[in-house]
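Participant: Can you read through this structure? Questions will come right after.
The values are calculated or read from the model by the stated rules, or taken from the named source; none is laboratory data. All values reported here derive from a predicted model rather than from experimental measurement. Quick reminder, even Gly has a Cβ in these numbers, built from the backbone with ideal geometry, and neighbours come from all protein chains shown. Just so you know, the surface numbers come from the protein's heavy atoms only, side chains and all, with ligands and any DNA or RNA stripped out. Shrake-Rupley method; radii C 1.70, N 1.55, O 1.52, S 1.80 Å.
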Amino acid sequence: MQRGKAPSTVTHPDKLYFPTVGISKRDYMQYLAQMGTYLLRHLRHRPVSLVRCPDGVHGRRFFQRHVPPHAPPGLPARAQEGERALIAIPDVETLMYYGNLGAIEFHAGLHLVDGPAAGLPTALTFDLDPSLPGDFERARELALCLREVLCGLGLDGIAKTTGASGLQIFVPLDEPVPYLVTRPVVQFIAAYCASQWPNLATVERRVRERGHRVYVDAPQHGPTRTLIAAYSVRAVDHALVSVPLTWQELEQGAKPLDFPMPRVPERVARLGDLLAEIPRQPSSLVRQIHAELPRAWRQTRVRSV
């Protein structure tokens with residue numbers, strides 16, 4: 001399969017996947033063909049889940065993490081003893097197969113599933129979720145505050161739009177670290193932000209108690225959770241994409257609507273994959289931060305929910 005060319009086996013290519021902006025299934029598959037190499041960097045060797053919209057974003061949608069019963073023999077999968085195999089996406093061909101089934105959103109776990117570091121997260125992650133629909137400005141403001149906190153700890157990260165109204169901050173690590181270390185650190189930093197900017201940030205899980213504040217979803221950093229993958233399209237009207245940003249772009253007011261699907265290939269060709277190119281941060285420093293946390297925080301349990 002050649003980059004930039006959609007496969008000849010696309011079914012119903014003229015179906016409108018994003019009617020509001022006139023984007024067809026053919027257009028979407030062309031995007032996957034162009035961006036498949038970049039998407040794979042953030043899907044390969046990780047747990048994967050999909051949001052499928054076989055009739056487009058205005059039709060029915062459902063979440064999927066198991067291989068479809070009708071999958072062709074030999075389709076890559078991750079076997080589970082006594083259970084249905086889980087989805088695995090190791091190559092562009094498999095990515096295109098699921099795209100042809102109507103997979104719009106590709107979500108990836110924080111850890112690898114293969115090798116000696118299997119099960120260990122490769123980054124600290126902070127999911128910033130506005131409580132009010134479309135209130136991206138508060139998420140943007142909080143992301144800049146969070147970066148100040150990280151830099152004060154000797155760390156740095158990169159912001160990524162979710163393709164909806166939120167932001168995610170990734171701190172890539174030079175070596176994978178157990179969730180028993182990373183999750184308490186993420187939860188402590190989230191709580192610190194909520195204490196420093198109480199009118200802006202909250203760690204309150206009950207939606208009715210958040211008011212207009214941005215929820216720092218620390219529980220999303222866990223072994224059974226997935227986050228929207230970089231360069232995945234979202235199942236929203238304007239076909240927005242989850243795009244890594246420079247801090248300068250965020251300071252200058254970048255917003256999700258700036259990154260619809262048709263604009264992203266040119267951006268990546270010009271800037272490269274910002275998430276893959278950011279310097280990895282010292283895992284030893286994360287371990288040190290964990291060791292210096294109050295005992296109650298170090299004993300935070302990593303639940304499987």
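Participant: Looking at segment 123-141 only, could you name the residues that are open to solvent by 20 Å² or more (accessible area, probe 1.4 Å) and not in a helix (DSSP H, G or I)?
Facilitator: Selection gives ASP127, ASP129, SER131, LEU132, PRO133, GLY134, ASP135.
Participant: Could you check segment 228-265 and list, in sequence order, the residues that are open to solvent by less than 30 Å² (accessible area, probe 1.4 Å) and part of a loop (DSSP other than H, G, I, E, B)?
Facilitator: If the condition is that a residue be open to solvent by less than 30 Å² (accessible area, probe 1.4 Å) and part of a loop (DSSP other than H, G, I, E, B), then ALA229, ALA230, TYR231, SER232, ALA235, ALA239, SER242, VAL243, ALA254, PHE259 are the ones that fit.
Participant: Moving to a separate point now. Go through segment 38-53 and report how many residues are among the hydroxyl-bearing types (Ser, Thr, Tyr) and open to solvent by 10 Å² or more (accessible area, probe 1.4 Å). Please lay out each step first, then the result.
Facilitator: At the first step, the residues of segment 38-53 found to be among the hydroxyl-bearing types (Ser, Thr, Tyr) are 38, 49.
Pick out the ones that are also open to solvent by 10 Å² or more (accessible area, probe 1.4 Å) and you get 38.
Summing the residues that are among the hydroxyl-bearing types (Ser, Thr, Tyr) and open to solvent by 10 Å² or more (accessible area, probe 1.4 Å) in segment 38-53 gives 1.
Participant: Just a yes or no: is a residue in segment 89-98 open to solvent by 60 Å² or more (accessible area, probe 1.4 Å) and closer than 27 Å to ALA269 by Cα? Break it down stepwise before answering.
Facilitator: Keep residues of segment 89-98 that are open to solvent by 60 Å² or more (accessible area, probe 1.4 Å), which gives 93.
When the remaining residues are screened for being closer than 27 Å to ALA269 by Cα, the result is 93.
Yes; the residues of segment 89-98 include at least one that is open to solvent by 60 Å² or more (accessible area, probe 1.4 Å) and closer than 27 Å to ALA269 by Cα.
Participant: So if I check each of LEU40, LEU50, which one is at pLDDT 95 or above, closer than 22 Å to VAL241 by Cβ and not in a strand (DSSP E or B)?
Facilitator: Step by step, each of LEU40, LEU50 is checked, and only LEU40 is at pLDDT 95 or above, closer than 22 Å to VAL241 by Cβ and not in a strand (DSSP E or B).
Participant: Of all residues in segment 6-37, which are of a type in the set (Lys, Arg) and surrounded by fewer than 21 Cβ atoms within 10 Å (Cβ to Cβ)?
Facilitator: Result: LYS15, ARG26.
Participant: A follow-up question, please. Could you please let me know if HIS107 is in contact (Cβ under 8 Å) with a residue 60 or more places away in the chain, not assigned by the TED database to the domain that holds VAL177 and not in a loop (DSSP other than H, G, I, E, B)? Before you say what the answer is, go through the steps one by one.
Facilitator: Details: in contact (Cβ under 8 Å) with a residue 60 or more places away in the chain: yes; not assigned by the TED database to the domain that holds VAL177: yes; not in a loop (DSSP other than H, G, I, E, B): yes.
Here the answer is yes, as HIS107 does meet what is asked.
Participant: Residues LEU150, LEU144, LEU173: which one is aliphatic (A, V, I, L, M), open to solvent by less than 10 Å² (accessible area, probe 1.4 Å) and under 15 Å from TRP247 (Cβ atoms)? Steps first, please.
Facilitator: Values: LEU144 fails: open to solvent by less than 10 Å² (accessible area, probe 1.4 Å); LEU173 fails: under 15 Å from TRP247 (Cβ atoms).
On inspection, the qualifying residue turns out to be LEU150.
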